[in-house]
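Engineer: Please find one structure pasted underneath; my questions will follow.
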Amino acid sequence: MTRVRYASLGMLGLGIGYFLWYTPYSALAKAMSGGLLPQTGGPVGGLVLLPAAAIGTLIAMPVTLTALRWWKHARRRPIGRWSVPAPGRETAWSALWMSLIVGSTTLNFTFPGVSILLMLVLMRISTLIISPAVDVVRRRRIMVHSAVAVALSLLSAGIALNDVDNYRLSAAAVASLGVYALGYTGRFLS
């Protein structure tokens, strides 16, 4: 198999994995915030869910790094006779931006009366617009598939927003989308 074919299969695998993990996560966040699960005893606010999501991510990261055996790729720093993983400055910046993305993503699924589909479309559009904008700032060539992705996302937004009477965005939802976009801007620039 050629490298291009491996890369295509890798992207397909990432896409499938993204769908398989993201769908239950967003559904669970929306179900909990809407009080649809009997165990919650009613609606649970997004700011109440946020610490649990943060702790879950904090626990899942080292487990994932261990399962994938990626610790060997980390920078190391000697402490006494031990050599321990030690992130560099760029890793810390990346973690900061990712914390904004993860936190705002969780909140984006919890706003009452706001469709998950609408939030997903708006989040995707923001990343697909930010990415080529960062390329322009860095004087990189914008690939044709990036332009097609932006066009298709804008078309999907037009379709999703066509029935605008059934959607509403609170100021908090717009602010959370802004934090999400800021996180991706910082992540793309770092």
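The values are calculated or read from the model by the stated rules, or taken from the named source; none is laboratory data. This is a predicted model, so every value here is computed, not measured. Counting neighbours? That spans all protein chains shown, and the Cβs are built from the backbone with ideal geometry, glycine included. The area values use the complete protein model at the heavy-atom level, side chains included, leaving out ligands, DNA and RNA. Shrake-Rupley method; radii C 1.70, N 1.55, O 1.52, S 1.80 Å.
Engineer: Quick query: amide H of SER115 versus all other amide H atoms, modeled in the peptide plane; which residues come in under 5 Å with a sequence gap of 5 or more or a different chain?
Structural biologist: Here the answer is ARG168, since their amide H atoms fall under 5 Å of that of SER115.
Engineer: Between TYR25 and ILE142, 0.36 nm times their residue separation minus their Cα-Cα distance comes to what?
Structural biologist: Working: separation 117, 0.36 × 117 = 42.12 nm, distance 3.21 nm.
Additional length available on full extension: 38.9 nm.
Engineer: Could you work out how far apart the two model spin labels at LEU161 and ALA86 are, taking each label as a point 7 Å from the Cα in the direction of the beta carbon, and quote it in nm?
Structural biologist: 4.9 nm
Engineer: Hey, another quick one. Of the accessible area of the chain, with the probe set at 1.4 angstrom, what percent is carbon plus sulfur? Spell out each step's value before the answer.
Structural biologist: Details: 9310 of 13090 Å².
Roughly 71 percent of what the probe reaches on the chain is carbon or sulfur.
Engineer: Then there's this: Between rounded, prolate and oblate, where does region 46-153 land on the alpha carbon gyration tensor, with a ≥ b ≥ c its root eigenvalues, rounded for a/c under 1.5, else prolate if a/b exceeds b/c?
Structural biologist: It comes out oblate by the Cα gyration axes.
Engineer: Treating only the Cα positions of the chain as identical point scatterers, give the base-10 log of I(q)/I(0) from the Debye formula at each q in 0.10, 0.16, 0.18 Å⁻¹.
Structural biologist: -0.53, -1.26, -1.45
Engineer: Using only the heavy atoms of the protein chains and a 1.4 Å probe, how would SER33, SER131 rank by accessible area, largest first? Intermediate results must be reported in sequence, preceding the final value.
Structural biologist: Numbers: SER33 15, SER131 40 Å².
Most to least solvent-accessible, the answer reads SER131, SER33.
Engineer: Suppose only helical runs count, i.e. DSSP H with n ≥ 4. What mean residue ellipticity at 222 nm does that imply for the chain under -39500 (n - 2.57) per run, divided by all residues and rounded to the nearest 500 deg cm²/dmol? It would help to have the intermediate numbers written out before the result.
Structural biologist: Working: 6 runs with 132 residues, N = 190.
-24000 deg cm²/dmol, from helical runs alone.
Engineer: What net charge is computed for the residues neighbouring PRO132, neighbours being all others with C-beta under 11 Å from the C-beta of PRO132, Lys and Arg scored +1, Asp and Glu -1?
Structural biologist: Overall, the nearby charge balance is +2.
Engineer: Just to verify a number: what accessible area does TRP71 come out at with the full protein assembly present, 1.4 Å probe, Å² rounded to tens?
Structural biologist: Rounded to the nearest 10, that gives 90 Å².
Engineer: Among GLY42, GLY158, GLY80, determine the one that fluctuates most according to a GNM of the chain built with springs between C-alpha atoms less than 10 Å apart.
Structural biologist: GLY80
Engineer: If TYR25, TYR180 are ordered by their accessible area, calculated over protein heavy atoms with a 1.4 Å probe, which sequence runs from highest to lowest?
Structural biologist: Numbers: TYR25 85, TYR180 0 Å².
Sorted descending by solvent-accessible area, the residues read TYR25, TYR180.
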